[in-house]
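Working notes, structure below.
No value in this document is a laboratory result; all are computed from the given coordinates. Note that the structure is a prediction, hence the values are computed from the model and not measured. Methodologically, a virtual Cβ is constructed for each residue, glycine included, from the backbone with ideal geometry; neighbour enumeration extends over all protein chains shown.
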Amino acid sequence: MIRERHLLGPGPSNPYPEATRALAEPLLGHLDPEFLRIMDETCDMLREAWGTSNARTLPLSATGSAGMEAAFVNTVHPGDVVVVAVNGLFGQRMTDVAARCGAEVVAVDHDWGQPVDVDRVLSAHPSPAIIAAVHAETSTGVRSDIAALGAGKGDALLLTDAVTSIGGIELRADDWGVDIGYAGTQKCLGVAPGLAPFTINDRAFDRRVETPRSWYLDLGMLGGYVGEAGGRAQRTYHHTAPTAMVASLHAGLTRILDEGLEAVWARHQAVGDSLQAGLEEMGLELFAAEGHRLPDLTTVRVPEGVDSAAVRRELLERHGIEIGAGAGAYATSVWRIGLMGHNARPDAALLVLAALEDVLGRS
Ligand SMILES: *Cc1c(COP(=O)(O)O)cnc(C)c1O
């Protein structure tokens, strides 16, 4: 088992014990029939986690950022108008990735801490090829309304970042009209970092770039892992699948689906609510707009005169708790506290509140 330390930062969270144990199992070869079974089951479980019936749903062998890259590089044709909702670091990053793919980017900027303004995004351009938004902005702790974007997208494709929402808060890709989605393993799925759960529907796949500028992330070549609806996939060699990571994701997803997706969402919500109420009782001010706060990633303002880095260091050294610094312009004025996956437990919320109270009392 990993060294006992409570990892509450927005980065790799403390994995579910099942996912950690799977990493210690003997390795399977990537063409072993047992591995192919695990991969197929993993894709089935990912469909449930995404809320999709898309045949093309799979874990890309790369981190969440590569999922972002795969989403854009396969769907942006040179000169396409891509409207990007920017309400934090990851939305900002989308504009960079889309531009590198040759998009004409229409960025719709928001104040950090605010949710995406659906009307402003939908009216930013009369006929965009793609509308892109982050469901759960990890940089600010804000949830945005993807369903409303899907309802108003018209002919555009809706591209969604679900890295910090999958396995943590309600996510219904098909019902909400998400055409292309990517996620990561290390946030609420409670698995080590390194895979990008990805989904794309037929509508988006049919419009894809025939020869994308990435060889590795060309979804047209990943057919061997994707399979055809109904039929069994022909496995052609594309790259060596990271078998240990896929087995770990399989274990993490099994853990989540055994508990039940809705129960997992409710657990994250209850734990986030109690952390946020406790922080306010301590006199701290939450950063994200009320009514749009993520339960799994809480942002809180660093009190006036308090040394942000010193508090984070004390938390780690005295209590074994890691919280995140703020992102971008809020690096030293906001803290980010993740209670995701295995850490979304009432005792973890109490622990972080008590530790913060102790450290702030000393400073
Ligand atoms: C963490 C994160 C990413 C990037 O994922 P990596 O696995 O770090 O590459 C992208 N988008 C959001 C919203 C994230 O929180």
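Along the stretch 95-110 the Karplus relation, 6.51 cos²θ - 1.76 cosθ + 1.60 evaluated at θ = phi - 60°, assigns HN-Hα couplings of 5, 5, 5, 4, 5, 5, 8, x, 6, 8, 7, 10, 8, 10, 7, 10 Hz to successive residues, with x for each Gly and Pro.
What percent antiparallel are the DSSP beta bridges of the chain, to the nearest 5? Expressed as a percentage, antiparallel bridges in the chain total about 50. In this simple spin-label approximation, Leu27 and Thr236 carry label points 7 Å from Cα along the Cα→Cβ vector, and these lie 2.6 nm apart. Exposure proxy shown here: for Ile169, Ile180, the number of other Cβ atoms within 10 Å sets the order, fewest to most, as Ile169, Ile180.
In this rough spin-label picture, where each label sits 7 Å from Cα along the Cβ direction, the Asp155-Asp347 distance is 5.7 nm.
Shape class of the stretch 284-363 from the alpha-carbon gyration tensor: oblate, with a/c at 1.5 or above and b/c at least as large as a/b. Put simply, the amide H of Glu104, placed in the peptide plane, has neighbours under 5 Å in Gly79, Asp80, Val81, Val82, leaving out anything fewer than 5 places away on its chain. Need one word for the chain: rounded, prolate or oblate. Basis is the Cα gyration tensor (sqrt eigenvalues a ≥ b ≥ c); a/c below 1.5 gives rounded, then a/b vs b/c decides. In terms of gyration-tensor shape, oblate. Given their separation in residues at 0.36 nm each and the Cα-Cα distance between them, Tyr216 and Asp109 gain 35.4 nm when the chain is fully extended.
Post the alpha-carbon centroid distance, the stretch 95-131 to the stretch 248-268, in whole angstrom. So the separation of the two Cα centres works out to 32 Å. Between the listed residues Pro193, Ala148, Ser308, the Cα displaced farthest toward the positive end of the dipole of the chain, a dipole computed from Cβ unit charges relative to the Cα centre, is found at Pro193. Whole-Hz Karplus values for the stretch 50-64 come out as 7, x, 9, 10, 4, 4, 8, 9, 7, x, 5, 7, 4, 7, x Hz, taken residue by residue from phi with 6.51 cos²θ - 1.76 cosθ + 1.60 and θ = phi - 60°; glycine and proline positions read x.
Derived from the Cα gyration tensor, the three semi-axes of the equivalent ellipsoid of the stretch 1-141 are 34, 21, 13 Å, largest first.
Packing around the peptides 72-82, 311-321, taken as the average count of other Cβ atoms within 10 Å per residue, puts them in this order, highest first: 72-82, 311-321.
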